[in-house]
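Structure first, then comments.
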Amino acid sequence: MVVMGDPTAVGDYPNAMDNYDVVPSGLVKLIKQGFNVGVDHAGADIGQPTSFFVGCVVNLCAPDVEKEIKTLRKKIVAGADFALTQPVYDVNVAREFLGRYEDKHGPLRLPLLAGVLPLFNERHTAFLHNEVPGIVIPAVLRRRMEKAGDAPGGPAEGVRIAQEILSELRGVMRGAYLMPPFGRYDLAAEIIEGAQAAAG
């Protein structure tokens, strides 16, 4: 999984500098067109070729959609095998992104797996929306979480929202992956059970 990671300003050392030797598309290219064919960055033989299956990331809610599409295109050309999205809270935004990609480059063939991060309570929702780059939670969902309150209402409403999002994503994405909040794997199990029941 090739990912740039959060900028250092988001972490514990806001004054640290971000210096990169290679961008994600460059690392994807190095792995797929170098290591997987048995050569290093300089073209020297590394012996046994690797057989990495390489994933990348895409932000469907990027502030600059055209830039994100251009970046995704570079990752595809470099040889990415699949992509994981940031958590999706608005399926219409995902559809719009895919539509804009298709207008420029034709249908997206790269398998996309949508990130689903269940909301836990109002505070968790506000933190994700206001503090985590790349995550946008629609006002209607923020109001639902505010109304639900804390445990048990908040987590239960977060599970319902996640199940709704999964249902709406059918046919839009190739699949999804769950990110249980605060290690609450029981919530992930509830979401999966609900999705299985809805699928029949």
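Quick note: the coordinates plus some simple rules give every number you see, no bench work behind them. Computed from a predicted model, the values in this text were never measured in an experiment. All Cβ positions, glycine included, derive from the backbone under ideal geometry; neighbour counts span all protein chains shown.
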If you average the sequence gap of Cα pairs under 8 Å that are 6 or more apart and divide by the length of the stretch 43-126, what percent do you get for the contact order?
30
Counting alpha carbon pairs within less than 8 Å and at least 6 residues apart, what relative contact order, in whole percent, applies to the chain?
17
Give me the net charge of residue 129's neighbourhood, meaning all other residues with Cβ under 15 Å from the Cβ of residue 129; Lys, Arg count +1, Asp, Glu -1.
0
Stokes-Einstein D for the stretch 72-186 (37 °C, 0.692 mPa s, Kirkwood Rh from Cα pairs), in µm²/s, comes to 218
If you plug each phi of the stretch 69-76 into the Karplus form 6.51 cos²θ - 1.76 cosθ + 1.60 with θ = phi - 60°, what whole-Hz ³J(HN,Hα) values come out, in order, with x for Gly and Pro?
5, 4, 5, 4, 4, 4, 5, 5
Please compute the net charge surrounding residue 82, taking Lys and Arg as +1 and Asp and Glu as -1 over other residues with Cβ under 14 Å from its Cβ.
+3
Cα centre as origin, Lys/Arg/Asp/Glu Cβ charges: the stretch 8-199 dipole, Debye
500
Log entry: pair-distance distribution for the chain, C-alpha pairs binned every 10 Å from zero, whole % per bin is 8, 29, 32, 22, 7, 1, 0
Report the net charge of residues surrounding residue 139, where surrounding means a beta-carbon distance below 11 angstrom and charges are Lys +1, Arg +1, Asp -1, Glu -1.
+1
What is the distance in Å between the Cα centroid of the stretch 119-145 and that of the stretch 30-54?
41
